[in-house]
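The values are calculated or read from the model by the stated rules, or taken from the named source; none is laboratory data. None of these values were measured; they are calculated from a predicted model. Cβ placement follows ideal geometry from the backbone for every residue including glycine, while neighbour counts extend to all protein chains displayed. The area values use the complete protein model at the heavy-atom level, side chains included, leaving out ligands, DNA and RNA. Shrake-Rupley method; radii C 1.70, N 1.55, O 1.52, S 1.80 Å.
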Amino acid sequence: MTPENKTFDKFAIAAALQEIARLMELKGGVSRFKARAYQTGARAIAAVAGDVGRAIEEDRLTSIPGIGNALASQIKQLHLTGSSSVLEGLRKEFPPGIIELSSVPGLSNAKIAILHEALGITTIEELKEAATAGLIRNVKGFGVKTEQRLLESIADYQRDNKVARRFHLHHAQRIGQQLLDYIKTARDLEDVSIAGSLRRWQETVGTIRIVASSKQPAGLVEHFLHFPLIIRVENQTDDSCTVELAEGARVFLKAVQPAQFALALFWETGSDAHVLKIQELASRKSLALNRENLKMEIVRTGKARSATSRMRLPQAKNEADIYSMLHMQYVVPELREDEGEIEAAVRKALPEDLVSLADIQGMVHCHTTYSDGKHSIEQMALAAEAMGMKYLTITDHSPTAFYAGGLKLDRLKRQWEEIDETQQKVKITLLKGTESDILSDGKLDYPDPVLEQFDIVIASIHSRYKMNADKMTKCLITAMKQPVFKIWGHALGRLIQRRPPFECDIERVLDVIAESRAAVEINGDPYRLDMEPRWVREARKRKINFVISVDAHSTGALNNLQYGVGMARRGWVSRSEVLNTLPLKSFKKAVRPV
Ligand SMILES: [Zn+2]
Ligand SMILES: [Zn+2]
């Protein structure tokens, strides 16, 4: 891991900071709090654009968010010498292999130290061997029973680790970006891309898949294996490898010759169902998409016995070539799920103008310090303005959401005054809105005369997730039939990997929305991403309009926009169906409550 010249690049520094964080966690007590700072620092340094050496020379480290003076001094030492005083000190306090061994449940630091002293154990594999050979029972303080329990814990641990952890989209994306930055430093690299479920904007990602091309694919794999955050190599061949990173993420790299890049990217992007169906379609046209040699061929089976002839087609230069050779529309990665996109592409019926990030003109669904947001109206306004937005809707919570600082009328009035004051100082147009709770009887949370004064109303369910489906359906139908125009916020209330969508007859609710003054939100908060694409498509069938929202509780969360756009594209939504692609005047008109 240590380069010969001893100086550490940003990734090696990040790995060392993570080691410090882990050792501090193991030390426990106050060190635990410091551990968190090192963890944050590791992330921050790996994410620095360009060369960290420059930042050190120019004394700019502490201007990076997440890096204070203490951390900066450790980073400098690591960069210049390949080690740091804190890291060396911690390493001296623990036996070697402590980080790996401490992941076995029930094995304390003290026990690890004793086992190291007595048997020289530094890895889980060595521990397993010693226990199987019956050596541990003879160590002072251990016995036959402890030995047995250790073997069971190791088996548990190894089984749990096989069940790959799935990462939320935004975490997978951050890790993927770090990996791309690193791979781009490889010599002879021609092309590199994220593939797999991350490229298809799935809510969670099991394995981060990457495809890269070079005239020396084996050299790319070698280079990749030097990525300092790799803690385990699961599998390695001449042109691919699967590894585990310190954070627990699983990464697969496929390295190919430049001419094979397009087909490799197509295969690795998936989904399996999409690729399989494309393959069947090809074979009906006497074409073969060959996964082994990554070539497309014309296959003719003659009537005589063995006569199968193969003829090479020109290499696909990009994925679009593959689809055009099959006489169909190009299918973007977000749609490749075998949910009707192949049939539509053959009929040339896929929407041509899928909504994209550049189409969005306004940030919808933003919270401020008036309710449970972290930043002020002005901070949110300036941040959205810096992102090129033309308008921003301030939609803090309504009174019933008291736990989230919902605004009673007096505070609401004060907020409107502050919005007016702020408007004088910023170019972006601020719209006054609310995220109004939908109450149990389906009413909204402010009296009608107040609702009518807003520029925009988002209506959301924030409690009673366990209400029975009938009651919930009725409640939603009543809400959507309210005469004010409203947007159905984070529709089914799901929290990814934490809370399933609540139960209701969604198709009936969509039927009512189609007839009412309402639109549907596609929520970009990476923990929500509500509604799912299949429901978005159901809404589209009914000609319902959408807004793509950020549900931002901080300026940083304005970046949620990309996830909302990803979800909308997965639902086949085109630009003309999204209200916040409209210029200010038309948007205001479209969402005006009365
Ligand atoms: Zn909400
Ligand atoms: Zn919200």
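In this structure the amide hydrogen of Val256, modeled in the peptide plane, comes within under 5 Å of the amide hydrogens of Ala212, Ser213, Ser214, none closer than 5 places in sequence on its chain.
In this structure the amide hydrogen of Ser103, modeled in the peptide plane, comes within under 5 Å of no amide hydrogen from residues 5 or more places off or on another chain. What's the longest piece of the chain with no exposed GluC sites (Glu not before Pro), counting a site as exposed if DSSP puts it in a loop and it has at most 12 other beta carbons within 10 Å? Answer from the scan: 353-594. What the Cβ-Cβ distance of Thr62 and Arg32 gives, at R0 = 30 Å and to the nearest 0.05, is a FRET efficiency of 0.80. Computed from the C-beta positions of Glu352 and Ser103 and an R0 of 51 Å, the FRET efficiency is 0.50 to the nearest 0.05. In this rough spin-label picture, where each label sits 7 Å from Cα along the Cβ direction, the Arg187-Arg542 distance is 6.1 nm. Under 15 Å of direct C-alpha separation, and excluding same-chain neighbours fewer than eight residues apart, Lys486 reaches these aspartates and glutamates: Asp396, Glu435, Asp437, Asp445, Asp448, Glu452, Asp455, Glu515, Glu521. Averaging Cα coordinates gives a centre for the range 323-382 and one for the range 463-537; these two points are 19 Å apart.
The trypsin sites (Lys or Arg not before Pro) of the range 310-367 that meet both conditions, a loop assignment by DSSP and at most 13 other Cβ atoms within 10 Å of the site Cβ, are Lys317, Arg347, Lys348. Taking a point 7 Å from the Cα of Tyr157 along the Cα-to-Cβ direction, the residues of the range 222-263 with backbone N closer than 15 Å to it are 232.
A convex hull fitted around the alpha carbon atoms of the chain yields 213 Å³ per residue.
Site pair Ala118 and Ala47 shows an inter-label distance of 4.6 nm when each label is modelled 7 Å from Cα along Cα→Cβ.
Between Ser324 and Gln177, the distance separating the two model label sites (each 7 Å from Cα on the Cα→Cβ line) works out to 3.2 nm. Loop-located trypsin sites (Lys or Arg not before Pro) in the range 117-214 (DSSP state other than H, G, I, E, B) with a sparse environment of at most 14 neighbouring Cβ atoms within 10 Å: Lys140, Arg165, Lys184, Arg187. Entry comment: accessible area of the range 315-384 is 41 Å² per residue, from protein heavy atoms only and a probe of 1.4 Å. Backbone geometry of the range 134-139 corresponds, through the Karplus equation with coefficients 6.51, -1.76 and 1.60 at θ = phi - 60°, to 3J(HN,Hα) couplings of x, 7, 6, 4, 8, 6 Hz, x marking Gly and Pro. Rounded to the nearest 20, the size of the Cβ-charge dipole of the chain about its Cα centre is 860 debye, with Lys and Arg at +1 and Asp and Glu at -1. Over the range 458-594, what percent of the accessible surface lies on carbon and sulfur atoms, probe 1.4 Å? Carbon with sulfur: 49 percent of the solvent-accessible area. One compactness figure for the range 464-594 is 1.01, namely its Cα radius of gyration divided by 2.2 N^0.38 Å.
Once the chain from Ala110 to Glu88 is taken as fully extended at 0.36 nm per residue, the excess over their C-alpha distance is 6.0 nm.
Rounded to 0.05, the FRET efficiency of the Lys432 and Thr478 pair, given R0 = 22 Å and the Cβ-Cβ distance, is 0.30.
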